[in-house]
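Enquirer: Dumping the structure here so I can ask a few things about it.
The values are calculated or read from the model by the stated rules, or taken from the named source; none is laboratory data. Owing to the predicted nature of the structure, the values given are computational and were not obtained by experimental measurement. Note that each Cβ is placed from the backbone with ideal geometry, even for glycine, and that neighbours are counted across all protein chains shown.
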Amino acid sequence: MKQIMLYCRAGFEAEAGAEFSALAEKYEQWGFVRAQRNQGYAIYETYQEEDAEALGLVPIRSLIFARQLIHGDTINFEPDDRVGPVLAAISELGPFSDVRIETLDTNEGKELNRLARKLAVPFKKGLEKQGKLTHKTDAPVLHVCLITGLQAFVGLSDPKRHSPHINGILRLRQPSKAPSRSTLKLDEALLSFFTPEELEQRMTPGMKAVDLGACPGGWTYQLVRRGLFVSAVDNGLMDESLMETGQVKHYQEDGFQFDPKRKPVAWIGRNIGKGRRIQWPENPPCEWMVCDMADKPRRVVHMLVDWFQQGNTRNAIVNLKLPMKSRWEEVETCMDILRKEMQKGMVIKAKHLYHDREEITVFVGYPKI
């Protein structure tokens with residue numbers, strides 16, 4: 001098996017492939033990308049099987065544009081027998097902790113959902129007959145991703161490194177009281193970037209937060225429902241029900257010009273990245289800053305860096321709106337700025353979330369030490 005399949009949002013195949021290619025080249029595991037626009041996936045094909053096997057262990061959380069990573073091969077089959085060729089292809093593999101019959105997140109993929117459901121039972125029975133299923137949770141997961149009615153990508157993922165969600169998608173319901181659908185972006189970010197235990201440590205009721213570009217309050221809603229007190233900064237109007245909670249103070253100001261300081265705080269300094277011991281700033285104006293303002297991504301990144309250098313927050317989540325062209329190159333530039341300017345040891349995470357569109361979501365925070 002020499003191929004790695006990367007699920008992604010339709011239209012971002014080139015970015016998923018370019019990011020993975022850069023990672024593979026970094027570790028001298030050579031190959032090439034095969035991707036077509038709007039097909040919902042990219043293939044990275046290596047020249048050596050051992051390279052593909054090693055790349056198959058890349059944690060999905062370390063990739064920005066890929067939703068799921070599978071190590072395997074493409075298989076063709078006939079209409080009257082779709083199960084047999086797959087079982088034959090994995091005859092020397094296994095056992096598996098689970099089997100997932102999946103389709104791509106495209107209009108064409110959705111048309112195959114009925115077929116996927118129809119094949120699920122015979123696939124599982126065939127695996128059980130071969131003794132290929134196990135209760136050991138550390139065994140690999142078998143994926144059968146239907147590309148067309150006569151072609152599938154069959155491969156494995158590591159349960160310790162893969163996305164636990166079908167198709168790599170965390171699906172959330174729109175809260176009935178949330179004032180906008182953008183609320184799902186912050187909700188997904190918090191659930192994707194942290195385990196429940198990590199989030200409980202970083203975000204507790206009573207904390208202070210600043211939401212830049214808040215109106216009408218989609219992101220503020222997520223903070224309020226978790227018990228935070230929010231300074232909502234936007235020239236627009238906030239949702240009345242959020243204001244009635246008593247947890248929100250609205251500042252009708254430009255988010256880029258907002259100064260969160262209410263009293264002098266310890267200044268971290270500009271010589272970050274010099275190996276200084278990392279400490280949480282004492283008594284910062286807020287524990288969280290979130291930002292969903294539509295502006296050039298580098299401007300948002302420089303603002304984010306400034307917030308930490310000024311000791312204004314301990315954690316931040318921002319959205320970076322991507323340009324129509326050279327999206328991967330822009331992401332590389334923004335991430336390089338963060339890695340260079342932020343203090344050594346800071347936690348930096350980025351993901352093209354399911355509820356994102358032409359944007360990525362970035363978390364930066366101090367480590368819990």
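Enquirer: Mind listing whichever residues of the stretch 26-50 are touching a strand residue (DSSP E or B) at 6+ places or on another chain (Cβ under 9 Å) and not in a loop (DSSP other than H, G, I, E, B)?
Expert: 31, 32, 33, 34, 35, 41, 42, 43, 44, 45, 46
Enquirer: If you don't mind, another one. I'm trying to understand the selection: among the residues of the stretch 174-228, which are of a type in the set (Phe, Trp, Tyr) and under 19 Å from residue 243 (Cα atoms)? Steps first, please.
Expert: Of the stretch 174-228, the ones of a type in the set (Phe, Trp, Tyr) are 193-194, 219, 221.
Within the stretch 174-228, 219, 221 meet the criteria.
Enquirer: Return the pair list, or none, for Cβ contacts closer than 9 Å from residues in the stretch 53-71 that are farther than 19 Å from residue 101 by Cα to residues that are part of a loop (DSSP other than H, G, I, E, B) and of a type in the set (Phe, Trp, Tyr), at least 6 apart or on different chains.
Expert: Matching pairs, first to second residue: 54/27; 55/27; 65/12.
Enquirer: Related question: Out of (1) free of Cβ contacts under 8 Å to residues at least 60 places away in the same chain; (2) more than 14 Å from residue 256 (Cβ to Cβ); (3) out of contact with any Lys or Arg (no Cβ under 9 Å at 6 or more places or on another chain), the odd one out for residue 298 is which?
Expert: Checking residue 298 against (1) free of Cβ contacts under 8 Å to residues at least 60 places away in the same chain; (2) more than 14 Å from residue 256 (Cβ to Cβ); (3) out of contact with any Lys or Arg (no Cβ under 9 Å at 6 or more places or on another chain), the one that fails is (2).
Enquirer: Follow-up question, since we're still on this one. When the residues of the stretch 211-230 are filtered to those that are among the β-branched types (Val, Ile, Thr) and over 21 Å from the mean Cα position of the chain (by Cα), which remaining residue is surrounded by the fewest Cβ atoms within 10 Å (Cβ to Cβ)?
Expert: 224
Enquirer: For the stretch 85-107: of the residues being out of contact with any strand residue (DSSP E or B) (no Cβ under 8 Å at 6 or more places or on another chain) and free of Cβ contacts under 8 Å to residues at least 12 places away in the same chain, which is nearest to residue 134 (Cα to Cα)?
Expert: Taking the stretch 85-107 as the starting set, the residues that turn out to be out of contact with any strand residue (DSSP E or B) (no Cβ under 8 Å at 6 or more places or on another chain) are 87-88, 91-92, 106-107.
Subsequent filtering for residues that are free of Cβ contacts under 8 Å to residues at least 12 places away in the same chain retains 88, 92, 107.
Numbers: 88: 19, 92: 15, 107: 34 Å.
Ranking the candidates gives 92 first.
Enquirer: Which one is farthest from the chain's Cα centre (by Cα) among residues in the stretch 1-39 that are among the hydroxyl-bearing types (Ser, Thr, Tyr) and more than 17 Å from residue 72 (Cβ to Cβ)? Don't jump to the end; show me each part of the working.
Expert: Here is the first cut: in the stretch 1-39, the residues among the hydroxyl-bearing types (Ser, Thr, Tyr) are 7, 21, 27.
Among the residues that remain, those that are also more than 17 Å from residue 72 (Cβ to Cβ) are: 21, 27.
Working: 21: 18, 27: 22 Å.
Among them, the one singled out is 27.
Enquirer: Among the strands (runs of 3 or more DSSP E) contained in the stretch 275-369, which hold 2 or more residues that are not hydrophobic (A, V, I, L, M, F, W, C)? Even if it seems obvious, please write down each step before you answer.
Expert: Details: elements: 288-291, 315-321, 347-351, 359-365.
Of the strands (runs of 3 or more DSSP E) lying wholly inside the stretch 275-369, those with at least 2 residues that are not hydrophobic (A, V, I, L, M, F, W, C) span 315-321, 347-351, 359-365.
Enquirer: Same structure, new question: Which one of 88, 66 is hydrophobic (A, V, I, L, M, F, W, C), under 30 Å from residue 121 (Cβ atoms) and touching a Cys at 6+ places or on another chain (Cβ under 6 Å)? Steps first, please.
Expert: Values: 88 fails: touching a Cys at 6+ places or on another chain (Cβ under 6 Å).
When all the criteria are applied, what remains is 66.
Enquirer: May I ask you to list the residues in the stretch 168-179 that are within 17 Å of the chain's Cα centre (by Cα), buried (at least 16 other Cβ atoms within 10 Å of the Cβ) and part of a loop (DSSP other than H, G, I, E, B)? Don't jump to the end; show me each part of the working.
Expert: Of the stretch 168-179, the ones within 17 Å of the chain's Cα centre (by Cα) are 168-172.
Adding the requirement that they be buried (at least 16 other Cβ atoms within 10 Å of the Cβ) leaves 168-170.
If the condition is that a residue be within 17 Å of the chain's Cα centre (by Cα), buried (at least 16 other Cβ atoms within 10 Å of the Cβ) and part of a loop (DSSP other than H, G, I, E, B), then 169, 170 are the ones that fit.
Enquirer: Filter the stretch 199-210 down to residues that are closer than 22 Å to residue 59 by Cβ and surrounded by 14 or more Cβ atoms within 10 Å (Cβ to Cβ) and give me whichever is farthest from the chain's Cα centre (by Cα).
Expert: 202
Enquirer: I've got another one for you. Of these, 101, 90, which one is at pLDDT 95 or above and assigned by TED's automatic domain parsing to the domain that holds residue 144? Working first, answer last.
Expert: Values: 90 fails: at pLDDT 95 or above.
Of 101, 90, the one residue that is at pLDDT 95 or above and assigned by TED's automatic domain parsing to the domain that holds residue 144 is 101.
Enquirer: Further question on the same structure: Considering only residues that are within 28 Å of the chain's Cα centre (by Cα), more than 14 Å from residue 1 (Cα to Cα) and of a type outside the set (D, E, K, R), which ones fall in the stretch 70-99? If you could, list the steps in order and put the result at the bottom.
Expert: As a first pass, look at the stretch 70-99 and keep what is within 28 Å of the chain's Cα centre (by Cα): 70-74, 96-99.
Narrowing further to those that are more than 14 Å from residue 1 (Cα to Cα): 96-99.
Passing the criteria: 96, 97, 99.
Enquirer: Could you figure out which of (1) crowded, with 19+ Cβ neighbours inside 10 Å; (2) farther than 23 Å from residue 202 by Cα; (3) of a type in the set (Val, Ile, Thr) isn't true of residue 360?
Expert: Every listed condition holds for residue 360 apart from (2).
Enquirer: Can you name every residue in the stretch 325-369 that is of a type in the set (Asp, Glu) and under 21 Å from residue 219 (Cβ atoms)? Explain how you work it out, then say what you get.
Expert: Initially, the stretch 325-369 is screened for residues of a type in the set (Asp, Glu), giving 329-330, 332, 336, 341, 356, 358-359.
Answer for the stretch 325-369, where residues must be of a type in the set (Asp, Glu) and under 21 Å from residue 219 (Cβ atoms): 356, 358, 359.
Enquirer: Looking at 176, 163, 157, 192, can you tell me which residue is assigned by TED's automatic domain parsing to the domain that holds residue 257 and of a type in the set (S, T, N, Q)? Write out each step before concluding.
Expert: On the way: 176 fails: assigned by TED's automatic domain parsing to the domain that holds residue 257; 163 fails: assigned by TED's automatic domain parsing to the domain that holds residue 257; 157 fails: assigned by TED's automatic domain parsing to the domain that holds residue 257.
Of the residues listed, the single one that is assigned by TED's automatic domain parsing to the domain that holds residue 257 and of a type in the set (S, T, N, Q) is 192.
Enquirer: Answer with yes or no whether residue 61 is among the charged types (D, E, K, R), under 16 Å from the mean Cα position of the chain (by Cα) and within 28 Å of residue 110 (Cβ to Cβ). It would help to see each step written out before you state the result.
Expert: Details: among the charged types (D, E, K, R): yes; under 16 Å from the mean Cα position of the chain (by Cα): yes; within 28 Å of residue 110 (Cβ to Cβ): yes.
Yes: the conditions hold for residue 61.
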